[in-house]
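Written below as structure tokens is the structure these notes are about.
The values are calculated or read from the model by the stated rules, or taken from the named source; none is laboratory data. Here the structure is a predicted model, which is why all the values come from computation and not from measurement. As a convention, Cβ positions derive from the backbone with ideal geometry for all residues, glycine included, and neighbour counts pool all protein chains shown. Ligands, DNA and RNA are excluded from the accessible area calculation, which covers all protein heavy atoms including side chains. Shrake-Rupley method; radii C 1.70, N 1.55, O 1.52, S 1.80 Å.
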Amino acid sequence: MINRFTKAIVILTLITAVAACSFKTVYNRLDYLIPEYVEGMVTLDDVLEEKLEQSTLVLLEWHRNTQLKQYADWLSALQRDMATQLTEQQVEQRITEMDRFWRSLSAKVNDEMAHLLPLLNKEQLDELFMNIDDTNDEFREEFVDLNEEQRIEDYFERISDTYQSWIGELTDEQQRNVEHAATELASTAELRLQRRLQWQHGIREILAEEDTVQNKTDRLRQFLAGFEDIDDETMKEKSEINRGIIVRLTVQISHSMTEDQQAHFISKTNDYIRMLTELAENR
């Protein structure tokens, strides 16, 4: 749940899938949407529901006051990079910065959830892990159980959608570059599924033990922090390969952007910079 919970917030706050005109509305409703999402995974009583709502407000206040302005500054820096001949070093730097945003958010979410999970009773835990099993089955079906052709097509569609969301329709040359990158990317789906299962098993073991709530919270916090770094060498190697491919592709596409694409990128990033700044200032 924590992993999906974190990704849900990141998707909503980093905005690659939310239309600019609706982003502020969605963000301002997260105090409602996040508890609704969690309660879709586990049924809460009134006391736990109130605790979840309080934790959500703490998380959102922290995020609004400390993170949103950094996102706006990050987009401004990206605009400056794109105004010149974008380099691989610049893209690597922006990815590293985004990684720091992710770690900061993930640590905060883990901390809040480490306080809540030990409060669940056996029936609630059984329901939670049954739903996590279902999400893992969905992950396996969507990402693991693909043949090579399906995997490449999936990469192509996802990468194309991401770039098009920021610069508009891709040219034929850019589409060919994306197609080539999709064939080069190494699949990490099976390894990520194994990591999800290890994460689930570790949490379940901690919560099943006879121990105090505080000790479980402390152990959960330590356990979850260990999942921030990739300790599997194969996973690490494939992830580095894929990162390099995406970095090179981003540079290729940036160097071939049309005037319309450049205008689209500036307009869209300006919209997000404005909205992120207004949200950070509670406007």
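Before moving on, here are some points about what is shown:
- Dipole magnitude (debye, nearest 20) for the chain, charges at Cβ of Lys, Arg, Asp, Glu: 1120 debye
- Filter on Lys24/Lys69; Lys216/Lys238; Lys51/Lys216; Lys69/Lys238 - keep pairs with C-alpha separation over 23 Å: Lys216/Lys238; Lys69/Lys238
- Over the chain, relative contact order from alpha-carbon pairs under 8 Å, at least 6 apart, %: 33 percent
- Lys24 - accessible surface, heavy atoms, 1.4 Å probe, Å² rounded to 10: 50 Å²
- Between Glu228 and Glu205, the contour length at 0.36 nm per residue exceeds the Cα-Cα span by 6.4 nm.
- Reported to the nearest whole Å, the Cα centre-to-centre distance from the stretch 217-258 to the stretch 189-208 is 19.
- Counting only heavy atoms of the protein chains and using a 1.4 Å probe, Asp161 has close to 100 Å² of accessible surface.
- Scaled against the 2.2 N^0.38 Å expected of a compact globular protein of N residues, the Cα radius of gyration of the chain reads 1.08.
- Solvent accessible area, Å² - Val58, 1.4 Å probe, full protein context: 70 Å²
- Per DSSP, loop GluC sites (Glu not before Pro) in the stretch 199-251 with at most 14 further Cβ within 10 Å: Glu209, Glu210, Glu228
- Candidates per GluC sites (Glu not before Pro) in the stretch 59-135, loop by DSSP, up to 14 other Cβ within 10 Å: none
- Whichever aspartates and glutamates have a C-alpha closer than 13 Å to that of Lys108, once near sequence neighbours (fewer than 8 apart) are set aside: Glu61, Glu228
- Summing +1 for each Lys or Arg and -1 for each Asp or Glu among the other residues whose beta-carbon sits under 13 angstrom from that of Ser239 gives -2.
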